[in-house]
Amino acid sequence: MKICRVEKPLVATNRIPGLEHKYMQVVRDGSTLAVAVDPVGAKPGDWVICVGSSAAREAAGSKEYPSDLTIVGIIDHWEEEQA
C-alpha cells in the first residue's frame, strides 16, 4: 500500500470493454503522477491509500480488471512530510 494525493479526475471516453465505467483519478506519489481507479469517491486534494498489482484488480471489483493502482481508502488526517 502507498499514500498518494488526488490531483484531479481523469476522463477517458474511449476505453476497452474491461474498464467499464469506473471513475479514475490522477494521483501523485511523491513526484510521480499515476492513474488510479477510484471506487471510494475521493476528491482532489484528498490523501488516499492505494494498492497495486493483484490487490488493485480485486479492489476494483474483479481479478480480471485491468488496473494496477486502485484507491481503497480516504485518509481522514495526514500531514505531508517536508523534505
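Laboratory data are not the source of any read-out in this text; all were calculated from the coordinates shown. As the structure is a computational prediction, the values presented were derived from the model and not from experiment. Cβ: placed from backbone, ideal geometry, glycine included. Neighbour counts: every protein chain shown.
For the reader, a short list of remarks on this structure follows.
- Label of the coordinate-derived value, Rg and Dmax of the Cα atoms in Å, listed as (i) 31.5, 109; (ii) 11.6, 33; (iii) 12.4, 42: (iii)
- Note on K2: aspartates and glutamates with a C-alpha under 18 Å away, same-chain residues under 8 apart excluded, are D29, D38, D46, E58, D68, D76, E79, E80, E81.
- Long-range HN-HN contacts of E7 with modeled amide H, under 5 Å: V26, V27, R28, G45
- In this simple spin-label approximation, K43 and N14 carry label points 7 Å from Cα along the Cα→Cβ vector, and these lie 3.3 nm apart.
- Computed lengthening from I3 to E58, 0.36 nm per intervening residue step minus Cα-Cα distance: 18.0 nm
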